[in-house]
Amino acid sequence: MRYLTAGESHGKGLSVILDGMPAGLVLDFEALDREMARRQGGYGRGRRMQIEQDRIEFTGGVRHGYTTGSPVSIWIENKDHTHWKGVMQSEPLTEPLERPRTLTRPRPGHADLVGGLKFAHRDLRDVLERSSARETAARVAVGAVAKQLLGELGVEVHSHVRSIGGIDARADLAIVPEEVEASPVRCADPDAAKRMMEEIDRAKAEGDTLGGEIEIIAEGMMPGIGSFTQNDLKLDSRIGRAVLSVNAMKAVGFGDGFELARRRGSTVQDEILYEDGYTRRTNNLGGIEGGMSTGMPIVIQAAMKPIPTLYKPLQSVDITTHEAFTAQVERSDACAVPAASVVLEAVVAIELSAAILEMFGTSTMDRLKESVATYRQEVHLF
């Protein structure tokens, strides 16, 4: 299974081609809409989310509510394009624009300058529009389909926010997905959530932004998905790459993550038990050993830097004059950590789905479910 996305932040919309989905996956369209809405929520979001009403429109590969086995084509309209038609039009301009919205003062922390150097763009909007996190709406759409496939196989993916702006949630709390969904910052700790929102308000008032830490959990995975034979087939390397590909992610860990480096091996490895099947005494390694799932919950942490678009802009240089200026200001969020947790769920679900399909290689959902059920029984009796 593979996918490609196309489209710009203020263009007409976002396109996706998803190839390799089995035939016969019956799609829950209301659940797809809910996934798209989840990405638009979260405390600290900016005005853009009040404009967009993201909906998935299938233009290929889905008929009468089920996948056909053909490439799935998805379209997501950008409502905000109405205000950017001239700036983002494909056709040559016949007369100068009243507001060209040219970008020549790159923003520190963004792709603006480096992308301009790579592609020789003198108007850095050519970089900004594609590098924008708006593209993640397309990945959430793919992830929404992938999550429905996983659900048919008994696998569920969810997430929660562990910290925002240095305010940490309690680590000893049980993570109840329904309670996380009810939190404006998607945090399982109500007291920490309140302080996180207060910190977001302070940062916003000061023209600043906040980052945070997110945990993604996949439950119900069968053991042996992934591989130890080649580096690009290892499940943790695939997931790590996918997580770090999401805008503003700067670190990824599994299980106890960086804390594992501080402990002795005898306290880190997950001892193997047999209780009506193989299990582990602990899950310090986050459900992955040797590049393969162990059958324990897969636990991933990600660190998100503060969004680099600031209403209190930092120093930059105009690429036309080389004079020092403050960076150009674009519309932005004060904090997108809660929304990013939804995006990370999506990319993890995509990688898990792809790895499962690579292992079982079936073309219909019925065959896939039969193969997975047979394999689960086989490893249970091993």
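The values are calculated or read from the model by the stated rules, or taken from the named source; none is laboratory data. Note that the structure is predicted; figures quoted are calculated from it, not measured. Cβ: placed from backbone, ideal geometry, glycine included. Neighbour counts: every protein chain shown.
Among the numbered conditions (1) touching a residue at least 24 places away in the same chain (Cβ under 8 Å); (2) surrounded by 16 or more Cβ atoms within 10 Å (Cβ to Cβ); (3) on the phi < 0 side of the Ramachandran plot; (4) within 24 Å of the chain's Cα centre (by Cα), the only one that Asp126 does not meet is (1).
Where in region 226-290 are there strands (runs of 3 or more DSSP E), lying wholly inside it, with at least 3 residues that are within 20 Å of the chain's Cα centre (by Cα) and touching a residue at least 24 places away in the same chain (Cβ under 8 Å)? Break it down stepwise before answering.
Numbers: elements: 249-254, 272-274, 278-280.
In region 226-290, the matching strands (runs of 3 or more DSSP E) lie at 249-254.
When residues in region 1-24 are screened for being farther than 17 Å from Val62 by Cβ and small (Gly, Ala, Ser), 5 of them pass. Considering (1) closer than 30 Å to Ala37 by Cβ; (2) without any contact (Cβ under 8 Å) to a residue 60 or more places away in the chain, the lone condition that Ala324 does not fulfil carries the number (1). Within region 16-44, how many residues turn out to be within 30 Å of Thr209 (Cβ to Cβ) and part of a loop (DSSP other than H, G, I, E, B)? Here the count works out to 4.
Taken over region 305-328, the residue count meeting the criterion of being surrounded by 18 or more Cβ atoms within 10 Å (Cβ to Cβ) and either out of contact with any Lys or Arg (no Cβ under 9 Å at 6 or more places or on another chain) or over 12 Å from Gly109 (Cβ atoms) (or both) is 4. For region 128-157, a tally of residues being under 16 Å from Met36 (Cβ atoms) and acidic (Asp, Glu) returns 1. Within region 132-170, the set of residues being of a type in the set (Lys, Arg), in contact (Cβ under 8 Å) with a residue 24 or more places away in the chain and out of contact with any Phe, Trp or Tyr (no Cβ under 9 Å at 6 or more places or on another chain) comprises Arg134, Lys147, Arg162. The set of residues from region 361-382 being more than 19 Å from Glu219 (Cα to Cα) and either among the aromatic types (Phe, Trp, Tyr) or crowded, with 24+ Cβ neighbours inside 10 Å (or both) comprises just one member, Phe382. With the condition kept exactly as written, say whether any residue in region 204-220 is more than 19 Å from Leu344 (Cα to Cα) and either modelled with pLDDT of 95 or more or part of a strand (DSSP E or B) (or both). Checked against the condition, which is being more than 19 Å from Leu344 (Cα to Cα) and either modelled with pLDDT of 95 or more or part of a strand (DSSP E or B) (or both), region 204-220 yields no hits at all. What number goes with the only condition from (1) within 27 Å of Met365 (Cα to Cα); (2) modelled with pLDDT under 95; (3) of a type outside the set (Phe, Trp, Tyr) that Leu4 does not pass? Exception for Leu4: condition (2).
Hey, among Asn247, Asn283, which residue is within 26 Å of Ala346 (Cβ to Cβ), among the polar types (S, T, N, Q) and either in contact with a Ser or Thr (Cβ under 7 Å, 6 or more places away or on another chain) or modelled with pLDDT under 95 (or both)? Don't jump to the end; show me each part of the working.
On the way: Asn283 fails: either in contact with a Ser or Thr (Cβ under 7 Å, 6 or more places away or on another chain) or modelled with pLDDT under 95 (or both).
Criteria check complete, one pass: Asn247.
Of all residues in region 202-223, those being over 19 Å from Val299 (Cβ atoms) and in contact (Cβ under 8 Å) with a residue 40 or more places away in the chain number 8. Take Glu330 and tell me if it is closer than 30 Å to Asp201 by Cα and in contact with a Gly (Cβ under 9 Å, 6 or more places away or on another chain). Against the criterion (closer than 30 Å to Asp201 by Cα and in contact with a Gly (Cβ under 9 Å, 6 or more places away or on another chain)), Glu330 does not qualify. If we keep just the residues of region 295-338 that are among the β-branched types (Val, Ile, Thr), outside any strand (DSSP E or B) and within 16 Å of the chain's Cα centre (by Cα), which is farthest from Ile356 (Cα to Cα)? Checking each candidate, the answer is Ile307.
I'd like to check something: does region 87-96 contain any residue that is surrounded by 15 or more Cβ atoms within 10 Å (Cβ to Cβ), of a type outside the set (Phe, Trp, Tyr) and at negative phi? Looking through region 87-96, at least one residue is surrounded by 15 or more Cβ atoms within 10 Å (Cβ to Cβ), of a type outside the set (Phe, Trp, Tyr) and at negative phi.
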